[in-house]
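Heads up, the thing below is written out as structure tokens.
The values are calculated or read from the model by the stated rules, or taken from the named source; none is laboratory data. Note that this is a predicted model, so its numbers are computed, not measured. Note that we place each Cβ from the backbone using ideal geometry, even for glycine, and neighbour counts take in every protein chain shown. Note: areas computed on protein heavy atoms with side chains; ligands, DNA, RNA excluded. Shrake-Rupley method; radii C 1.70, N 1.55, O 1.52, S 1.80 Å.
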Amino acid sequence: MRPLPHDHLIEPHGGELVDLLVDQSRAAELKEASRDWPSWDLTDRQVCDLELLTNGAFSPLRGFLSRSDYESVRDDMRLADGTLWPMPVTLDVSAEFAGSVSEGDAIALRDAEGVMLAVLHVDDIFEPDKEREAEAVFGTADPHHPGVGYLLNHAGPVNLGGRVEALTLPVHYDFRTLRRTPTELRAEFARAGFRKVVAFQTRNPMHRAHVELILRAAKEHEANVLVHPVVGMTKPGDVDHYTRVRCYQAVMDRYPRNTAALALLNLAMRMGGPREAVWHAIIRKNHGCTHFIVGRDHAGPGADGGGQPFYGPYDAQELLQKYEGELGVTMVPFRMLVYVEDLDEYMPEDEVPAATRPLSISGTELRDRLATGREIPEWFTYPEVAKELRRSYPPRHQQGYTVFFTGLSGSGKSTIANALLSKLLEIGGRRVTLLAGDLVRKHLSSELGFSREHRDLNISRIGYVASEITKNGGIAICAPIAPYDTTRKAIRKMVEAAGGFMLVFVDTPLEVCEERDRKGLYAKARAGIIKEFTGISDPYEVPDDADHVVDTTDESPEEAAQEILLHLERQGYLAPPSGV
Ligand code: PPS
């Protein structure tokens, strides 16, 4: 194998952009040699980091931080040679994997499909002090902070540091023309004659306030605009990037012709507030920008366990201001813009004249308006953005949901589920699937018995199918015994990520079920012919989170199904009468 080039790991800011992609012959050589090397399967975050290392967005980094760089970044926001760098970019691995590697080894870095993306030449193997890192980088060790939660609860215990040689950039199949490397964007700005470029970072859909803010910044600094949203990893619960990018595209012609560009950044955010703002500025400088907008609560992590914000709203502006000279990026600070109805104008919140009425709509309120199909005013967002959001977030009565029955054998689950199915089909306009216990046991779980392990497997299969139906806008009705609380809760979580979920506990007492004994199973269970029978020789954990409880000793199946229908109506899941 050819000896490794002796380049330095780092270059100061202002140097050439780093490009870690090797040529074809070196790539072939590395691939051949990698047959004998250990392989590390990169996490989603690590794939994002590797992409930005490879394409130079993280210049001057040439690899994952070694111990000395890591400690220096953590404590002083600088690499060991003094270059400003605020965020640890580390390759965390399991203790087991770290045990299979020695300093001086090379390892293959692979994506989830097993494609070899790069080689790491391991210089350093070290265990980070995670609490200390959290305190130093994020200012807190509270795991409610998403960056801290990731570090403490997900990241592996050992870091591998060293230089990277990349064979290929990770492949993206979506919005390909918008994914531009720092080199490509710099070249594009040069071609377009953009000398000054102000970058706008975002992880949210852009509404009128954002566009107004960017236009003001551009005018003030006589600069062109780069709308540079993050599409890698943002804050859990954010609007998905497909929807957001369609929204960004929809408003690009609101900027004066030939003065604005849109490109996507596959960054894995840490929600690190002030330090992250400095990091974002460095990344934008690498993409050829001269100015960087920092608004209120930049890269904010949300609230701590006590409901308090982790950072002050303008802490990020203050920190970046200290370093803008050193970085050669002009920070463009912005106060929150609000809409003043009397003047039909957006203005910073602290400039609103007394006796006028500032308006704004929070993210929560916007979600609520979408869910209930209420109007989204034009002063707040452009009709084309509202249309995209409505496509992705239809009102509740067009969203998918799951009605999940639980209860003892013979409690009446299936009968009520069938009655509900008929009623929903009579109303019409929706696709409904009944995952009846016996059909599931026949088609999905025929090999399973009734041990805890098998029951859990059975329920998680039902939950998975229900979540897929829900995600695709259908209605799933499930009616298994589902005796275990933790399993039911896991299903709720999975389905709620895709749409609505309603847990119905059919609370028919064991004595009543046993007396009915429609299938004769209770008698067999009592006689010990059927083992592990729920309620007799196997547990049933009563739910503490049921959205609706039915007692069939008082209610007929017809009445119970009607009650559930009314519950669904109250929650907004039934279509309003036509014409409304
Ligand atoms: S589970 O626990 O949710 O996986 O069970 P489920 O898939 O709903 O299957 C329950 C039906 O299987 C019959 N059956 C038993 N139930 C409980 N315990 C044991 N050991 C058992 N063996 C067979 C029973 O008919 C259940 O149907 P339902 O409709 O609930 O009466």
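Annotations for the structure displayed:
- Conditions (1) among the hydrophobic types (A, V, I, L, M, F, W, C); (2) part of a helix (DSSP H, G or I); (3) crowded, with 23+ Cβ neighbours inside 10 Å; number of the one not met by Val225: (2)
- So Tyr346, is it in the same structural domain as Cys513 (by TED's automatic domain parsing), hydroxyl-bearing (Ser, Thr, Tyr), open to solvent by less than 70 Å² (accessible area, probe 1.4 Å) and away from the ligand (no atom under 16 Å from the Cβ): no
- Just so you know, in the range 419-457 the residues that are out of contact with any Asp or Glu (no Cβ under 9 Å at 6 or more places or on another chain), within 15 Å of the ligand (Cβ to nearest atom) and part of a loop (DSSP other than H, G, I, E, B) include one that is least open to solvent (accessible area, probe 1.4 Å), and it is Ser445.
- Given (1) assigned by TED's automatic domain parsing to the domain that holds Leu42; (2) open to solvent by 20 Å² or more (accessible area, probe 1.4 Å), index of the condition Gly237 fails: (1)
- Checked against (1) open to solvent by less than 20 Å² (accessible area, probe 1.4 Å); (2) farther than 30 Å from Ser392 by Cα; (3) not in a helix (DSSP H, G or I), Gly306 passes all but condition (1).
- Residues in the range 476-503 that are in contact with a Phe, Trp or Tyr (Cβ under 6 Å, 6 or more places away or on another chain) and within 14 Å of the ligand (Cβ to nearest atom) were compared, and the one that is farthest from Glu453 (Cα to Cα) is Leu503.
- Taken together, the criteria exclude Val385 from residues that are within 16 Å of the ligand (Cβ to nearest atom) and surrounded by 15 or more Cβ atoms within 10 Å (Cβ to Cβ).
- In the set Val171, Val89, only one residue is under 22 Å from Asn286 (Cβ atoms) and modelled with pLDDT under 95; that residue is Val171.
- Filter result (buried (at least 17 other Cβ atoms within 10 Å of the Cβ) and assigned to a loop (DSSP other than H, G, I, E, B)) within the range 172-182: Phe175, Arg179, Arg180, Thr181
- The residues of the range 528-548 that are more than 10 Å from the ligand (Cβ to nearest atom), closer than 30 Å to Lys493 by Cα and open to solvent by 40 Å² or more (accessible area, probe 1.4 Å), listed by number, are Pro539, Glu541, Val542, Asp544, Asp547.
- All of (1) over 30 Å from Arg246 (Cβ atoms); (2) open to solvent by 20 Å² or more (accessible area, probe 1.4 Å); (3) under 25 Å from the mean Cα position of the chain (by Cα) hold for Val465 with one exception: (1).
- So Ala316, is it over 20 Å from Ser59 (Cα atoms) and assigned to a loop (DSSP other than H, G, I, E, B): no
- Residues of the range 458-481 that turn out to be assigned to a strand (DSSP E or B) and of a type in the set (Asp, Glu), as a count: 0
- Ala525, sole failed condition from (1) within 13 Å of the ligand (Cβ to nearest atom); (2) within 22 Å of Thr553 (Cα to Cα): (2)
- Only one of the listed residues (Ala209, Ala199, Ala192, Ala218) is closer than 19 Å to Phe380 by Cβ, small (Gly, Ala, Ser) and not assigned by TED's automatic domain parsing to the domain that holds Pro60. That residue is Ala209.
- Any pair with Cβ under 7 angstrom, 6 or more apart, that starts in the range 429-446 at a residue that is over 18 Å from Val403 (Cα atoms) and ends at one that is within 13 Å of the ligand (Cβ to nearest atom): Leu444/Arg461; Ser445/Asn458; Ser445/Arg461
- Residues in the range 183-200 that are open to solvent by 60 Å² or more (accessible area, probe 1.4 Å) and assigned to a loop (DSSP other than H, G, I, E, B) were compared, and the one that is farthest from Ile293 (Cα to Cα) is Arg195.
- Residues that are open to solvent by 40 Å² or more (accessible area, probe 1.4 Å), in a helix (DSSP H, G or I) and not acidic (Asp, Glu), drawn from the range 201-220: Arg208, His210, Leu215, Arg216, Lys219
- Every pair of residues 6+ apart whose Cβ atoms lie under 6 Å, when the first sits in the range 372-400 and is farther than 23 Å from Glu468 by Cα while the second is among the hydroxyl-bearing types (Ser, Thr, Tyr): Trp379/Tyr339
- The range 398-413: number of residues that are part of a loop (DSSP other than H, G, I, E, B) and either more than 15 Å from the ligand (Cβ to nearest atom) or open to solvent by 10 Å² or more (accessible area, probe 1.4 Å) (or both): 6
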